[in-house]
Amino acid sequence: MKRSPATLALRWSGRVLVAVILLFVLLPGVVVAISAFNDRAILQFPPQSWSLRWFWRAFSYADFAKGFWNGLTVTVWASSIAVVVGSAFAFAIHRYKFALRDFLEGILLSPLIIPHYTVGLGILILASQTGIGRGFPLVIFAHVVMVLPFVMRSTYISLENLDTRLELAASSLGATPLRILFTVTIPLLIPGLLSGWLFAAILSFNEFTATLFVSSQATQTLPVAMYNYVREFADPTLAALSVIYIVVTATLLTIANSFLGLGKILNVDAH
Amino acid sequence: MLMRTDPMTADMPSVASDKIRPAVQLDGVTKRFGDSVALHEAWLKIRPSEFMTLLGPSGCGKTTLLNLIAGFLEADNGEIFIEGALVTETPAHMREIGIVFQNYALFPHMSVAKNVAYGLTTRGVEKKEIARRVEEALALVKLSGFADRKPRQLSGGQQQRVALARALVIKPKVLLLDEPFSALDKNLRGSMQVELKQIQRELGVTTIFVTHDQGEALSMSDRIAVMSAGRIRQIAAPDDIYRRPADRFVASFVGDASVLNGRLVARRGDVAVVSIGDMSVNVPATPTAGVAIGDAVDVFVRPEHLAVTPRGASGSLPGTVTAQVFQGGHVDLYIDAPGSARERILLRSPGIAALSSCPVGAEIGLTIGSDDIVAFPPGEAP
């Protein structure tokens, strides 16, 4: 069968369009990645001479190392707390009908609408009013608030996909509600909980805006340390750090994806 | 309303039947979902070791009834007893009931052995005893070598056997089966039915089986409760349901039936005499109790109760063959008889003789060759 010229033209214009879109999406990353290998102490594209020395500096700069460990501390705590709290709320919203159910749901999903700097500013004002110091608990609290909706969503979707007949079968076999929760419901939700945790962790580790408000010199995370760095230096260290960031995040996401289709968590509307 | 108590007392045959404690008893159980009544005042007594089928179209309330017995739903009115004990408010996990779901509901994260052991673990049975009983249960359903498999590694039929083993291993007071065969292919379905019935008889476990398939119901049950629109219409043995349906719904839902136009001519005790054209037949009097002598009734006849005679033979109805369907062991004839029936009449002729003797277009006579005919007050479609 012969294709008409119009069909052919359409096919090719489609391919070109996809290529252009991909180029735009990838362009910033590609530019930064290439700049990271510049030998000179300026951000320049394309580089004139090549070196790996900014990667070394990214690893050896004390503020970055401290920011990394701070960020990791905040991330692990915030994601873990969010998984426990978020799952409990998701469970309540999914299983029970109560007076303020819709209201509660709205509140919990609102950080999706409220900008991060508002969250940061709000918590900062509260902290200064109540005299709470800008320590780790404050940063962790801010991060829990921001990642909670994502964790809730992830658990909620896993609950939607859970066949309630499994729980009925367990109860007919003599299991108490608590026993059903621990032997049937939670084991079957684990892929969803893990993905939710990982997604929260990635969000939390990368979070900058709110963290800038609520962290101090002692608790600043890696993105905040990077911001402070770029205010003083304009060398390719940050570009090198970006490359590391992208590689690590991509690796983690790949792992998450193999646990449970990540698409389910990212773009499915639960209602 | 008519059916509420009649069938219950009518079909309890033995003199001592009232003294046998029912395995399951429902006293006027009602369940509403919002404004709609899913189950309306269900009265039901199931005898120990009985295989009782709840038969009806989807939405008739049979699954609601099952869920009420299992304790998954709470009744709005009425009481439920299991082995004489009031369980209306007892939570599901304390009712000691085995259930097999349509999709089997095996725990996907547990091995076959763990699935079967689940109900024993919750009861705190000793490890050794669990192992022994799990092995026994798997042997019962012929899956001895499969203990370490995961459910997803099994075929549909095998999964169903695991579900059955899991339900039976706890020695339940009642076994509930929720359309367990509908997900199986036709050949497997037949053999699983035979096997399930065998196991049930062997163990003597009281069983309540929910289905919309009248063939399954007729072949497996000791008794059938036919349901429609949230009500139990009739409770009786399969042959009674087929031969003496209590109302138009049962008559048309269970088995094939054609409706002939009749007229009530006399009543003699339990029997009513109905004329159809030149013919007259005896039917049970109860269903037409409200009809005056001389008024119209609808007569329900099974396809195998009709026979072909030469046109004009005395006491026969004139008709014309409009279609012929060869079914292997018998021939189905569709007959137009405008004088005696509003719709086409189905006649089942054994053997293959009718293929040549009753071609399409043939003008024939119809006779009724059975006493198992029922008549109901005239109505619209059943």
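Read-outs: derived from the displayed coordinates by stated rules, not from any lab. Bear in mind that the values here come from a model prediction, so they are computed numbers and not experimental data. Please note: Cβ atoms are built from the backbone with ideal geometry, for glycine as well, and neighbour counts cover all protein chains shown.
Among the aspartates and glutamates, select those whose C-alpha is under 17 Å from the C-alpha of B:K186, and discard any that sit fewer than 8 residues away in the same chain.
Within reach: B:E195, B:D213, B:E216.
For chain A, take the longest principal axis of its alpha carbons; what is the angle in degrees between that and the long axis of helix A:116-130, to the nearest 10 within 0 to 90?
That works out to roughly 70 degrees.
Out of residues 5 or more away from B:T309 or on other chains, whose amide H comes under 5 Å of its own, with H placed 1.01 Å from N in the peptide plane?
The answer is B:G365, B:L366, B:T367.
Provide the FRET efficiency to the nearest 0.05 for the A:D102-A:T254 pair, computing r from the beta carbons and using R0 = 35 Å. All intermediate terms of the calculation are to be shown ahead of the outcome.
Values: r = 37 Å, r/R0 = 1.05.
FRET efficiency, A:D102 to A:T254: 0.45.
Pop out the Kirkwood hydrodynamic radius of the stretch B:29-127 from its pairwise C-alpha distances, inverse of mean 1/r, in Å to one decimal. Don't skip to the end; give the middle numbers.
On the way: mean 1/r = 0.0643 Å⁻¹.
The answer is 15.5 Å.
Across peptide B:95-105, how many C-beta atoms of other chains are within 10 Å of each residue C-beta, on average? It would help to have the intermediate numbers written out before the result.
Working: counts 3, 3, 4, 3, 6, 2, 6, 1, 3, 2, 9.
Other-chain Cβ atoms within 10 Å of each residue's Cβ, averaged: 4.
For a quick check: with amide H placed at 1.01 Å from N, whose amide H comes under 5 Å from B:S228's, ignoring anything fewer than 5 positions away on the same chain?
B:R233
Report ³J(HN,Hα) in whole Hz for each residue of the stretch B:346-360, in order, from the Karplus equation J = 6.51 cos²θ - 1.76 cosθ + 1.60 where θ = phi - 60°; Gly and Pro get x.
Once θ is set to phi - 60°, the couplings for the stretch B:346-360 become 9, 10, 10, 10, x, x, 10, 4, 5, 4, 9, 7, 10, x, 4 Hz.
With each run of n ≥ 4 DSSP H residues scored as -39500 (n - 2.57), what mean residue ellipticity at 222 nm is computed for the protein assembly as shown after dividing by its residue count and rounding to the nearest 500 deg cm²/dmol? Present the calculation step by step, with values, prior to reporting the outcome.
Values: 23 runs with 296 residues, N = 653.
Calculated mean residue ellipticity at 222 nm is -14500 deg cm²/dmol.
For A:D39 paired with A:W56, estimate the spin-label separation in nm (one decimal), with each label point 7 Å from Cα along the Cα-to-Cβ line.
Taking the two extended label points, one gets 1.4 nm.
Report the label-to-label distance for A:S13 and B:F33 in nanometres (one decimal), using points 7 Å from each Cα along the Cα→Cβ vector.
Between A:S13 and B:F33, the simple spin-label model gives 5.1 nm.
Which order, highest average first, do A:72-83, B:156-167 follow once you tally other Cβ atoms within 10 Å for each residue and take the mean per peptide? Don't skip to the end; give the middle numbers.
Numbers: A:72-83: 20.9, B:156-167: 23.7.
Listed from highest to lowest mean packing, they are B:156-167, A:72-83.
Take the residue pairs B:K171/B:K197; B:K128/B:K197; B:K62/B:K142 and return only those whose Cα atoms are more than 19 Å apart. Kindly include the intermediate steps, with their values, before the conclusion.
On the way: B:K171/B:K197 17 Å; B:K128/B:K197 30 Å; B:K62/B:K142 30 Å.
The answer is B:K128/B:K197; B:K62/B:K142.
Arranged from highest to lowest average of other beta-carbon atoms within 10 Å per residue, in what order do the peptides A:147-153, A:14-20, B:129-135 appear? The partial results should precede the final answer.
Values: A:147-153: 24.9, A:14-20: 10.0, B:129-135: 16.3.
Top to bottom by mean Cβ count within 10 Å: A:147-153, B:129-135, A:14-20.
To the nearest µm²/s, what D does Stokes-Einstein give for the stretch A:54-267 at 37 °C and 0.692 mPa s, using the Kirkwood radius over alpha carbon pairs as Rh? Working shown, then result.
On the way: Rh = 18.8 Å.
So the translational diffusion coefficient is about 174 µm²/s.
Which FRET efficiency value, to the nearest 0.05, is calculated for A:Y227 and A:A88 with the Förster distance at 35 angstrom and r the Cβ-Cβ distance? Could the numbers behind the result be given before it?
Details: r = 34 Å, r/R0 = 0.98.
Efficiency, rounded to the nearest 0.05: 0.55.
Does a label point 7 Å from the Cα of B:R123, set along Cα-to-beta-carbon, have any residues of the stretch A:159-190 with amide nitrogen under 11 Å, and which are they?
In the stretch A:159-190, the label zone of B:R123 (backbone N under 11 Å from the point 7 Å along Cα→Cβ) covers A:173-174.
Ignore the peptide's own chain and count Cβ atoms of other chains within 10 Å of each Cβ in B:120-129; give me the average, rounded.
Numbers: counts 2, 5, 9, 3, 1, 0, 0, 0, 0, 0.
Taking all residues of B:120-129 together, the mean is 2.
Fully extended, how many nm does the chain gain between B:R132 and B:A313 (0.36 nm per residue separation, minus their Cα-Cα distance)?
Working: separation 181, 0.36 × 181 = 65.16 nm, distance 7.07 nm.
Taking 0.36 nm per residue and subtracting the Cα distance, the gain is 58.1 nm.
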